[in-house]
1. Which residue pairs have Cβ atoms under 6 Å apart, sit 6 or more places apart or on different chains, and have a first residue in segment 185-200 that is crowded, with 24+ Cβ neighbours inside 10 Å and a second that is among the polar types (S, T, N, Q)?
2. Does at least one position in segment 39-59 carry a residue that is more than 23 Å from LYS184 (Cα to Cα), aromatic (Phe, Trp, Tyr) and touching a residue at least 40 places away in the same chain (Cβ under 8 Å)?
3. Report yes if some residue within segment 245-255 is surrounded by fewer than 21 Cβ atoms within 10 Å (Cβ to Cβ), touching a residue at least 60 places away in the same chain (Cβ under 8 Å) and at negative phi; otherwise report no.
4. Only one of PHE53, PHE47, PHE91 is within 20 Å of MET221 (Cα to Cα) and aromatic (Phe, Trp, Tyr); which?
5. Which of the numbered conditions does VAL241 fail, given that it passes all the others? Conditions: (1) among the aliphatic types (A, V, I, L, M); (2) surrounded by fewer than 17 Cβ atoms within 10 Å (Cβ to Cβ); (3) more than 22 Å from the chain's Cα centre (by Cα).
6. Only one of LEU214, LEU164 is over 22 Å from GLY30 (Cβ atoms), crowded, with 23+ Cβ neighbours inside 10 Å and hydrophobic (A, V, I, L, M, F, W, C). Can you tell me which?
7. Quick check: is even one residue across segment 157-164 touching an Asp or Glu at 6+ places or on another chain (Cβ under 9 Å), within 20 Å of GLN85 (Cβ to Cβ) and of a type in the set (S, T, N, Q)?
8. In this structure, is SER209 on the phi < 0 side of the Ramachandran plot, of a type outside the set (A, V, I, L, M, F, W, C), surrounded by fewer than 23 Cβ atoms within 10 Å (Cβ to Cβ) and in contact with an Asp or Glu (Cβ under 6 Å, 6 or more places away or on another chain)?
Amino acid sequence: MGMMLEIKEASIGYRQRTILNNISFTVDDGDMLCLLGPNGVGKTTLFKSILGFISLKSGEINLDGKNIRKWSKPCLAKVIGYVPQAHTPPFPFTVLDVVLMGRIAHLGNFSSPSRNDVRIAEESLERLGISFLKDRTYSEISGGERQMVLIARALTQQPQLLILDEPTSNLDYGNQVRVLLQIKRLSAEDGIGVVMTSHFPDHAFLCSSQVALLNQHGFEMGSADDIITEDNMKETYGINVRITSLADNHGMDVKSCVPLAN
């Protein structure tokens with residue numbers, strides 16, 4: 001099961017500079033929240049605060065009602081799985097070695113992974129359908145495969161909340177959709193709360209239950225249908241778009257945000 005994340009009247013920034021001011025939102029078990037917004041509005045800074053890397057200027061970040069300021073870094077690492085935009089290790093680790101790194105928070109000082117740790121890592125690979133990569137060199141596999149391996153590493157932590165920073169960055173169109181659908185499936189099946197960033201409004205239409213829009217004017221949160229509007233996209237990104245809708249094979253409406261050339 002997942003863990004409820006509550007951001008409560010939080011102001012976030014560095015030294016004298018406040019980047020996000022007085023924001024509040026909740027991500028419950030099985031919720032998916034997609035953060036949209038241009039570069040520099042504070043998406044990554046918010047992630048660093050949730051992960052405990054930087055302190056809030058004011059307000060609270062709570063996990064199941066407990067303020068994370070009282071949590072140690074190893075304790076946070078046991079419940080929050082983090083997937084960065086990209087990762088290339090300095091040594092030629094195998095895929096299984098990279099996924100096993102997700103167990104570090106659960107190991108004692110100077111301990112080696114046990115058979116149970118290896119089993120958990122192998123189950124994560126199998127769950128994502130990438131067991132065939134187990135013995136491959138991580139740095140030699142494709143970008144889409146690497147991203148799936150990083151998700152497997154996060155799952156090996158056995159987290160209750162997943163944080164993903166642009167999980168489809170640098171992936172081709174097909175791999176973008178595959179990765180997003182896997183994330184959506186994990187959230188639905190395990191009840192894990194998911195917070196992810198994206199630069200593509202269509203990603204929010206595809207998989208998120210909530211959308212938070214960050215721009216120079218503030219913070220707005222709601223459903224994808226309510227937040228991803230032509231006016232909001234114009235105000236946030238400075239371009240004209242058209243929100244279109246098509247019926248899928250089951251007769252359900254599928255929305256898309258299409259940029260206009262003029």
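The values are calculated or read from the model by the stated rules, or taken from the named source; none is laboratory data. Note that the structure is a prediction, hence the values are computed from the model and not measured. Ideal geometry is used to build each Cβ from the backbone, glycine not excepted, and the neighbour counts take in all protein chains shown.
1. Between residues of segment 185-200 that are crowded, with 24+ Cβ neighbours inside 10 Å and residues that are among the polar types (S, T, N, Q), the close pairs are VAL194/SER187.
2. No, segment 39-59 has no match at all.
3. no
4. Result of the check over PHE53, PHE47, PHE91: PHE47.
5. The number of the failed condition is (2).
6. On the way: LEU164 fails: over 22 Å from GLY30 (Cβ atoms).
That would be LEU214, the only listed residue that is over 22 Å from GLY30 (Cβ atoms), crowded, with 23+ Cβ neighbours inside 10 Å and hydrophobic (A, V, I, L, M, F, W, C).
7. Taking segment 157-164 first, the residues touching an Asp or Glu at 6+ places or on another chain (Cβ under 9 Å) are 160.
Next, from what is left, pick out any that are within 20 Å of GLN85 (Cβ to Cβ): none.
No, every residue in segment 157-164 fails to be touching an Asp or Glu at 6+ places or on another chain (Cβ under 9 Å), within 20 Å of GLN85 (Cβ to Cβ) and of a type in the set (S, T, N, Q).
8. Details: on the phi < 0 side of the Ramachandran plot: yes; of a type outside the set (A, V, I, L, M, F, W, C): yes; surrounded by fewer than 23 Cβ atoms within 10 Å (Cβ to Cβ): yes; in contact with an Asp or Glu (Cβ under 6 Å, 6 or more places away or on another chain): yes.
It is true that SER209 is on the phi < 0 side of the Ramachandran plot, of a type outside the set (A, V, I, L, M, F, W, C), surrounded by fewer than 23 Cβ atoms within 10 Å (Cβ to Cβ) and in contact with an Asp or Glu (Cβ under 6 Å, 6 or more places away or on another chain).
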